[in-house]
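Visitor: Okay, here's the structure, questions in a sec.
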Amino acid sequence: MTFPTIDPVIFSLGPLQVRWYGLMYVLGFTASYLLVQKQIRSFSYKELEAHFENLNLILILSVVLGGRLGYVLFYNFSYYLQHPLEIPATWTGGMSFHGACLGVLLGGWLYVRKKKLNFWKCADLYVVTIPIGLALGRLGNFINGELYGRTSSLPWAMVFPGGGPRPRHPSQLYEMLLEGLLLFLILWSQKNKPWENKKGWPHGSMLCLFLIGYGGVRIFVELFREPDQQIGLIFGFLTMGQLLSGFMILAGSLLWRIRIKT
């Protein structure tokens, strides 16, 4: 198949460029905002209402900061060690979901702890909305023609502009469907259980389910995604994404055992 060339810049106003990838972030944050707000009202979690706007701001900043630092540390540390002034240059590309996840958990925990809110309840409200942002982000990756897959002879394989002459898996679309839409449907269908305490599901269950679900899906999709050029395969068979996702599954499983006993 031919890669559908789409200009990554929607429009320009002088030096200012509005890009599809940036728009996907905005749409993802907006979707999360609206869906969390809907849940707060549905579950009557009034304690969070007074802090909702400020918490959203903290989480957005945590996503950007954590995502950038995660990329620097996990994917290109040697380069940024020699070019530290480029670390804040997020507009040049380079964000890590695993770093963003750690950033959100830490930033959110610090804020709700200060405001004496229930971290597990807040985590469950937000985490079920994250896959929407993931789906939009992967669509942005596809439009940019980046993070493409390994070479393939399948009928839907595409020749990406920066991927050489051979067709490749459109792994961004695989991730959009699995990490995004499928994971969202699973989490959203189960979101009531901690609040209704069905089958003993404690608050924090949605966070555990997300960590395990995302980790499993990401490990699978990485089988089709081209390994990061600057890293290659760890131990000859693991990508960095698979390694980090393995830790996510472990963390989610341990956290579930802890929460189920409380």
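The values are calculated or read from the model by the stated rules, or taken from the named source; none is laboratory data. Because the structure is predicted, anything quoted here is derived from the model rather than measured. Because the Cβ atoms are built from the backbone with ideal geometry, glycine has one as well, and the counts that use them run over all protein chains shown.
Visitor: When the residues of region 252-261 are filtered to those that are among the aliphatic types (A, V, I, L, M) and either surrounded by 17 or more Cβ atoms within 10 Å (Cβ to Cβ) or without any contact (Cβ under 8 Å) to a residue 24 or more places away in the chain (or both), which remaining residue is nearest to residue 100 (Cα to Cα)?
Guide: Here is the first cut: in region 252-261, the ones among the aliphatic types (A, V, I, L, M) are 254-255, 258, 260.
Narrowing the set further to residues that are either surrounded by 17 or more Cβ atoms within 10 Å (Cβ to Cβ) or without any contact (Cβ under 8 Å) to a residue 24 or more places away in the chain (or both) leaves 254-255, 258.
Working: 254: 21, 255: 19, 258: 24 Å.
Selected residue: 255.
Visitor: Among the residues of region 90-124, what is the count of those that are farther than 19 Å from residue 245 by Cβ, at pLDDT 90 or above and aromatic (Phe, Trp, Tyr)?
Guide: 4
Visitor: Provide a single number: the residues in region 108-128 that are touching a Phe, Trp or Tyr at 6+ places or on another chain (Cβ under 8 Å) and either over 24 Å from residue 37 (Cβ atoms) or polar (S, T, N, Q) (or both).
Guide: Residues meeting the conditions: 0.
Visitor: List pairs: first in region 155-167 and farther than 14 Å from residue 224 by Cα and in contact (Cβ under 8 Å) with a residue 12 or more places away in the chain, second in a loop (DSSP other than H, G, I, E, B) and among the aliphatic types (A, V, I, L, M), Cβ under 9 Å, 6+ apart or cross-chain?
Guide: 155/1; 159/1; 166/157
Visitor: Applying the selection to region 228-240, what residues are closer than 21 Å to residue 142 by Cα and touching a residue at least 60 places away in the same chain (Cβ under 8 Å)?
Guide: Within region 228-240, 228, 230, 240 qualify.
Visitor: Those residues that are of a type in the set (Phe, Trp, Tyr) and either crowded, with 18+ Cβ neighbours inside 10 Å or assigned to a helix (DSSP H, G or I) (or both), I need them from region 123-160; list them, please.
Guide: If we filter region 123-160 for residues that are of a type in the set (Phe, Trp, Tyr), which is where we start, we get 126, 142, 148, 156, 160.
The answer is 126, 142, 148, 160.
Visitor: Note down all Cβ pairs under 9 Å where the first residue falls in region 179-204 and is closer than 24 Å to residue 220 by Cα, the second is hydroxyl-bearing (Ser, Thr, Tyr), and they're at least six residues apart or on different chains.
Guide: These pairs meet every condition: 179/214; 183/214; 184/129; 187/129; 188/129; 190/205.
Visitor: So, one more: Kindly indicate the residue of region 214-237 that is closer than 29 Å to residue 158 by Cβ, surrounded by fewer than 17 Cβ atoms within 10 Å (Cβ to Cβ) and hydrophobic (A, V, I, L, M, F, W, C) and also nearest to the chain's Cα centre (by Cα) among those meeting that condition.
Guide: Result: 220.
Visitor: I need the helices (runs of 4 or more DSSP H) fully contained in region 5-89, keeping only those with at least 3 residues that are buried (at least 18 other Cβ atoms within 10 Å of the Cβ), in contact with a helix residue (DSSP H, G or I) (Cβ under 6 Å, 6 or more places away or on another chain) and at pLDDT 90 or above. Steps first, please.
Guide: Numbers: elements: 20-43, 46-49, 52-74, 77-82.
So the answer is 20-43, 52-74.
Visitor: With the checklist (1) closer than 23 Å to residue 194 by Cβ; (2) in contact (Cβ under 8 Å) with a residue 24 or more places away in the chain; (3) assigned to a helix (DSSP H, G or I) in hand, flag the one item residue 109 doesn't pass.
Guide: (2)
Visitor: Please return the ranges of helices (runs of 4 or more DSSP H) entirely within region 193-262 where 2 or more residues are at pLDDT 95 or above, out of contact with any helix residue (DSSP H, G or I) (no Cβ under 8 Å at 6 or more places or on another chain) and aliphatic (A, V, I, L, M). Break it down into steps so the answer makes sense when it comes.
Guide: Numbers: elements: 193-196, 205-221, 240-260.
Those helices (runs of 4 or more DSSP H) span 240-260.
Visitor: Would you tally the residues in region 171-185 being closer than 17 Å to residue 208 by Cα and crowded, with 17+ Cβ neighbours inside 10 Å?
Guide: Adding up the residues that qualify gives 4.
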